[in-house]
């Protein structure tokens, strides 16, 4: 199933690289081009990781179904665009409520019962297994529903570019980057300034203390999961003009999102964006100078190095539970 | 009161032995009743999965961590024995042992850094390792003049009925070989569970800090368990290569297989002796039959849908796994050890 993913990335990158072959250019331009595309792509990676970092920060559980949620949201956006023919970015009006409800009820009906059951277990892996189950289930369920076809919505943005000197920048990629910046900033402000945002942060810091302060912890969990999936929904929507929609499309972003969360730090919203850009740049440069498949392997290697340099302490995971 | 309950558990235990012996006799006699190669193949796969999940159980069950990359070790075993067979004509019977040892060594190299991690981090790291091993194999066509064939995989040359080269004319032979392996692994699980190692592992799995404060070197014990586990994974990988006569990275070093192993063990009941076997006897036939009767790319994942929905239900309603039904049957008073 991952061969297909690599294929998707390849298709994507050859689309992007295709523009470059038109002119002969010197090494600096190639480097700048790879760097710029890496930064822009990294913005999208950061957006995909935003939901994961929020959910992780509040509940201390890893949502293994993260990539699957992204894939589901991509399908939602794809069908909205395909059936109504509206601008892909306008489909957010539909996608955001769908994403919120999906997240809210996943948490409420499936995750919370296990969290309540495992309240006194030291290393809770029940939620991890449950979300891993959801991951495998929905990937294969969407395969059953929509088949293994690669779908791509024809939008007015697909394949359009800006030119900055001799560097060509894909328009939807740039828009995606801007939306990613806006979303990150909005979420950051939401968590910092609003009452609800403070309640979410308080729950993330200390569940028991938050409960004593009169916060309904499990409702906060529901909301946090909902907001996390909304971030995923936005990411899925901005990906529509760029990527093929496919039952396993989310898996490409899955392990990257984990890497980014580890790089950026627990529950840190700006960290997710920064980590995303770091990963995007490394991947783009490795893809430019080595090969795309080795760039994918490099992601895992970075991930392992980051995990081992600060084993488990990086999030203070041991203290939780 | 106490007397009667202990009497009851003794009689439950003896009935358990009778039950076990009965099942063993049935398993030994199965090839007499099942003549169809298809169904015998399913029986072989059930036992193969039972072996894999039992080996997984050393680490995933007793030691209480959650490895999600165990297919890597089976893949390493399969590749080592197959490469030895193709390139130097070494019999897979010997290659199997070498493959197992190589798997165990790789497991140690992976285990030393990863066992510092806990919970979800260990699971993620184990996935990252199996995926990077797969990517390396997929992108290697030739190394030191040995053809690995990258993503295309390796075909094992046909030798006809050659027991010395681990190739048989009929499925029956494979059936008895895998039955022997499963019984061996089951016996070793039993021995480990009753040994100091088993107690250390359970103690470390339940509370690592408490166990360490009592002087148990938890990481060291986990490493031993992982090495034993990887050794048997390697041997079973070789068995699979000799049964199917074709291996390729996405088939044997895959995340899907790793997840299947973990899911079967957890649905059956992780950390118990018979849970993994029960799990594979229930789930593998479902998977194989759905594969037999539902073809087409859409239905490729239907058995995985089945596994994952069962695991979601098990996590929600029966965290001890399906074996806990039997536990309740034999120990109605709630002695939670069928171990």
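Out of all the residues in the range B:209-222, which are within 30 Å of residue B:254 (Cα to Cα) and surrounded by 18 or more Cβ atoms within 10 Å (Cβ to Cβ)?
Those that are within 30 Å of residue B:254 (Cα to Cα) and surrounded by 18 or more Cβ atoms within 10 Å (Cβ to Cβ): B:218, B:221, B:222.
For every residue, the table says whether it meets (1) crowded, with 24+ Cβ neighbours inside 10 Å; (2) within 14 Å of another protein chain (Cβ to nearest Cβ); (3) under 16 Å from residue B:134 (Cα atoms).
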position	(1), (2), (3)
B:50	yes, no, no
B:54	yes, no, no
B:59	yes, yes, no
B:65	yes, yes, no
B:69	yes, yes, yes
B:72	yes, yes, yes
B:77	yes, no, yes
B:82	yes, no, no
B:89	no, no, no
Taking residue B:119, is it more than 21 Å from residue B:48 (Cα to Cα) and modelled with pLDDT under 90? yes
Please count how many residues of the range A:44-96 are closer than 23 Å to residue A:191 by Cα and under 10 Å from the mean Cα position of the chain (by Cα). 13
Mind checking whether some residue in the range B:14-25 is at pLDDT 80 or above, under 12 Å from the mean Cα position of the chain (by Cα) and assigned to a helix (DSSP H, G or I)? no
Checking residue B:165 against (1) crowded, with 18+ Cβ neighbours inside 10 Å; (2) under 19 Å from residue B:110 (Cβ atoms), which single condition isn't satisfied? (2)
Candidates B:334, B:279, B:301, filtered to the one that is under 30 Å from residue A:109 (Cβ atoms), crowded, with 18+ Cβ neighbours inside 10 Å and at pLDDT below 85: B:301
Can you tell which of A:150, A:177, A:142, A:137 is facing chain B (nearest Cβ under 8 Å) and under 21 Å from the mean Cα position of the chain (by Cα)? A:137
How many residues, within the range A:271-298, are part of a helix (DSSP H, G or I) and either more than 14 Å from the chain's Cα centre (by Cα) or within 14 Å of chain B (Cβ to nearest Cβ) (or both)? 18
Scanning the range B:214-230 residue by residue, those part of a helix (DSSP H, G or I) and more than 14 Å from every other protein chain (Cβ to nearest Cβ) turn out to be B:220, B:221, B:223, B:224, B:225, B:226, B:227, B:228, B:229, B:230
If you check B:75, B:69, B:64, which single one turns out to be assigned to a loop (DSSP other than H, G, I, E, B), within 17 Å of residue B:251 (Cα to Cα) and out of contact with any strand residue (DSSP E or B) (no Cβ under 7 Å at 6 or more places or on another chain)? B:69
Filter the helices (runs of 4 or more DSSP H) completely within the range B:100-212 down to those with at least 1 residues that are farther than 24 Å from residue A:290 by Cβ and within 14 Å of chain A (Cβ to nearest Cβ). B:119-138, B:196-206
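The values are calculated or read from the model by the stated rules, or taken from the named source; none is laboratory data. Quick caveat, the model's predicted, so the values are computed rather than measured. Neighbour counts are summed over all protein chains in view; Cβ atoms, including those assigned to glycine, are modelled from backbone coordinates with ideal geometry.
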